[in-house]
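*Asks:* My structure is below; once you've seen it, I'll send some questions.
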Amino acid sequence: MKFSYKILLCSLITMAAAFGIGGYFFVNDVFKASLEREIKQATDDSSIMKFAFETAALNIPSKYDMLQNSVIGEIGANLENSGQGSRRLLRLSDENREVLYASEGFVEDTALLADIEDQVRAYQIIHPDQHYYVQTGIMVNALDRALYLETMKDVTEVYAERTRGFAVYRGLMLLILVCSSVVMYFFSYWLTKPIRILTQATKKMIAGDYSYQAEQISNDEMGQLTTDFNHMAKVVEENIHKLEEELRAREDFIAAFSHELKTPLTAVIGYADMLRSRKLDDEKQFLSANYIYTEGKRLETMSLRLLDIIVTKRYQHEPQDMDVAELFCYLQDFYAEKKDIEVTVRYEPGRVRAEGNLLKSVLLNLTDNACKASDPGSTVEITGENRDGGYWFAVRDQGTGIMPEECRKITEAFYMVDKSRSRSHNGAGLGLALCVEILNLHGSSLEIESTPGEGSCFRFFIAGGKHL
C-alpha cells in the first residue's frame, strides 16, 4: 500500500473513531437531559395529583367516618380524566398495597409499589410494550387513610429522539468522512510529494545518473531530508568520480609499468642474445654489454622507486623537531662535485617538524629532476625561508619548462614530459610520485610553477618546529 494511502486510511480511522465516540457521548448527553426533564415533570405531576386527591377527599360529605374504597375509585377516575388534552394513567392502592383503582393499560408490575414510603417519591423507567414510561409512586394521606398513588407518563418520544439523533449523526458523520476523505487524499498526496521526488531521484541514481538533484519543495523536515539526500548524492558522485579516477590511474599505471618493463627487457634480451649467439669485435661487445648494464640499472632504479612508494604509503610517520641546516648542508655536500650543473643552496635558519630522511629524499628527487631538465652550464637553486608558521622549501631550475596541461599529470607514476631525456638519465617517471606520497604523510602538497623555455620551480611547505 502506498504511503499516501496509509496516511489517508489512518486519518479516516482516527476521524471515524473520534466522531463516533464524540457523537455517542453527545447524543446520550442530550438524551439524559431530556429524560431527566421528563422524570422531573412526572414526579411534579405526581405531587400535583396527590394534592388534588387530598383536596377531593376533603370535599367528601362528613357522614363517612373514613374514606370508602368506592369513593377512592371515583376520585381516581376523575383524576384520570382531568388531564389537559391527554388521559392520565394512574393506580390507587390501600394500606395493604391492594389495588383499589387502576387505569386501563396500567402495568400489573407492583415492584415500585413495594418501595413507596412516607415522604419518599419513587420512580422507575419501564418498557412493558413498544413504549417507554416513567412510573412514579407517592404516599397519600386522606381522612385517616394511608393510600398509594402511582402514575405512568409516556416518554417514548424521548427514546425515539435518541434513536433519530444517532441516525442523523451517523449520516452526518458518513458525509463528513466522505468529504474529508477527498480533502485528505489531496493533503496526503501533497504531503508525500517529496517522497515521490526522492524515489524518482533514487531511481535516477540506480540508473547511473549521480548528478541528478531532487527538487526541494518545502522548508520542513521533508525539505531538509531532500537537502541531505542531494548532499549525499553529490558526495556519492564525487566518490564515484574519485574511484573512476583511481581506476583510470591504476590502469594507466599498469600500462605504463608494462611498457617501461618491456622496453629495457627487450633491449637486454636482444643484446644478450647477440652476445651469446655470435662473435663480436671488442667495440660491439662493449657497446652491447654497456647497453645491457644501462638498461639493467634503469630497471633497478625503477624497482627501487616503486618499492619506496609502496613503503611510503605504509610508513608509520613519526615527525621530530629538526634544524633545516642539516638538510641543506647535506644537499650542499652531495652536489659539491657536480661539474656540468651548478647547484646553489641558500636558506634561512629555522626548524621544522618532520622525518628528516624522507625530506632528504624529496629534495634529492626534486634536485635530480631539475638537473635532468637543465642544459649543461645551467644553475639549479635550492632555497628555504621561514614563513606563515612554517618553512618553505623550493627547487628552481633554468630548464625547458613544463606546459600547463602537463603540470597536472607530472606527479603521476611513470609520466615523463621528455621520455628520451628521462631515459638517457635512467629516469622512470617515479620520482615526483614518491615526493607526493612523502609530502602527503607530512600534511603538505607539491606546488609547481613552470614557464616553457624559462624553467620550473617546485615548492612545498612543512610545519615549523619548536626553537630551542
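*Asks:* I'd like to know if the range 195-208 contains one or more residues that are at negative phi and in contact (Cβ under 8 Å) with a residue 40 or more places away in the chain. Walk me through it before giving the result.
*Replies:* Taking the range 195-208 as the starting set, the residues that turn out to be at negative phi are 195-207.
Now drop any that are not in contact (Cβ under 8 Å) with a residue 40 or more places away in the chain, which leaves 195.
Yes.
*Asks:* Between a residue in the range 36-59 that is over 19 Å from V158 (Cα atoms) and any residue that is among the charged types (D, E, K, R), which pairs come within a Cβ distance under 8 Å, given they are 6 or more apart or on different chains?
*Replies:* These pairs meet every condition: S46/R121; S47/R121; M49/R88.
*Asks:* Residues that are buried (at least 16 other Cβ atoms within 10 Å of the Cβ), within 30 Å of I410 (Cβ to Cβ) and at pLDDT below 85: does the range 240-247 have at least one? Before the answer, list the steps.
*Replies:* In the first step, residues of the range 240-247 are kept if they are buried (at least 16 other Cβ atoms within 10 Å of the Cβ); the result is none.
Checked the range 240-247: no residue is buried (at least 16 other Cβ atoms within 10 Å of the Cβ), within 30 Å of I410 (Cβ to Cβ) and at pLDDT below 85.
*Asks:* Does the range 347-369 contain at least one residue that is part of a strand (DSSP E or B), of a type in the set (F, W, Y) and touching a helix residue (DSSP H, G or I) at 6+ places or on another chain (Cβ under 8 Å)? Outline the logic, then answer.
*Replies:* Within the range 347-369, the subset part of a strand (DSSP E or B) is 347, 351-354.
Add one more test, that the residue is of a type in the set (F, W, Y), and what stays is 347.
From what is left, the residues that are touching a helix residue (DSSP H, G or I) at 6+ places or on another chain (Cβ under 8 Å) are 347.
Checking the range 347-369: at least one residue is part of a strand (DSSP E or B), of a type in the set (F, W, Y) and touching a helix residue (DSSP H, G or I) at 6+ places or on another chain (Cβ under 8 Å).
*Asks:* Ok, one more. Filter the range 138-163 for residues that are outside any helix (DSSP H, G or I) and open to solvent by 70 Å² or more (accessible area, probe 1.4 Å) and give the result.
*Replies:* Those that are outside any helix (DSSP H, G or I) and open to solvent by 70 Å² or more (accessible area, probe 1.4 Å): N141, D144, D154.
*Asks:* Tally time: how many residues in the range 179-212 are crowded, with 16+ Cβ neighbours inside 10 Å and either in a loop (DSSP other than H, G, I, E, B) or in contact with a strand residue (DSSP E or B) (Cβ under 8 Å, 6 or more places away or on another chain) (or both)?
*Replies:* So the answer is 3.
*Asks:* Would you mind telling me which numbered condition in (1) farther than 30 Å from G76 by Cβ; (2) open to solvent by less than 30 Å² (accessible area, probe 1.4 Å); (3) of a type outside the set (D, E) I39 fails?
*Replies:* (1)
*Asks:* Of the conditions (1) open to solvent by less than 100 Å² (accessible area, probe 1.4 Å); (2) farther than 20 Å from V134 by Cα; (3) at pLDDT below 80, S62 satisfies every one except a single condition; which number is it?
*Replies:* (1)
*Asks:* Could you go through the range 130-137 and let me know if any residue there is open to solvent by less than 70 Å² (accessible area, probe 1.4 Å) and either part of a helix (DSSP H, G or I) or of a type in the set (D, E, K, R) (or both). Full working, then the answer.
*Replies:* Our first condition is that a residue be open to solvent by less than 70 Å² (accessible area, probe 1.4 Å); within the range 130-137, this holds for 132-137.
If we keep only those that are either part of a helix (DSSP H, G or I) or of a type in the set (D, E, K, R) (or both) as well, we get none.
No.
*Asks:* Let me ask something else. Those residues that are open to solvent by 30 Å² or more (accessible area, probe 1.4 Å), under 56 Å from the mean Cα position of the chain (by Cα) and not charged (D, E, K, R), I need them from the range 365-382; list them, please.
*Replies:* Answer for the range 365-382, where residues must be open to solvent by 30 Å² or more (accessible area, probe 1.4 Å), under 56 Å from the mean Cα position of the chain (by Cα) and not charged (D, E, K, R): just N369.
*Asks:* Next question. Starting from the range 155-170, take each residue that is within 15 Å of Y132 (Cβ to Cβ) and list its partners that are among the aliphatic types (A, V, I, L, M), counting only C-beta distances under 7 angstrom and pairs at least six apart or across chains.
*Replies:* Hits for this filter: V155/L35; V155/V134; V158/L35; R162/V27.
*Asks:* Restricting to the range 7-22, and then to whatever is closer than 22 Å to A167 by Cβ and in contact (Cβ under 8 Å) with a residue 24 or more places away in the chain, can you tell me which residue is surrounded by the fewest Cβ atoms within 10 Å (Cβ to Cβ)?
*Replies:* So the residue we want is G20.
*Asks:* Output the residue which, of all residues in the range 411-439 that are closer than 19 Å to L327 by Cβ and open to solvent by 30 Å² or more (accessible area, probe 1.4 Å), is modelled with the highest pLDDT. It would help to see each step written out before you state the result.
*Replies:* Within the range 411-439, the subset closer than 19 Å to L327 by Cβ is 431-432, 434-439.
Of the ones still in play, those that are also open to solvent by 30 Å² or more (accessible area, probe 1.4 Å) are 436-437.
Values: V436: 83, E437: 79.
Top of the filtered list is V436.
*Asks:* Right, another one. Hey, R351 hits all of (1) open to solvent by less than 30 Å² (accessible area, probe 1.4 Å); (2) touching a strand residue (DSSP E or B) at 6+ places or on another chain (Cβ under 6 Å) but one; which does it fall short on?
*Replies:* (1)
The values are calculated or read from the model by the stated rules, or taken from the named source; none is laboratory data. Everything quoted here is computed from the prediction, not taken from an experiment. So basically every Cβ, Gly included, is an ideal-geometry build from the backbone, and we count neighbours across all protein chains shown. Note: accessible area is taken over every heavy atom of the protein model, side chains too, but ligands, DNA and RNA are not part of it. Shrake-Rupley method; radii C 1.70, N 1.55, O 1.52, S 1.80 Å.
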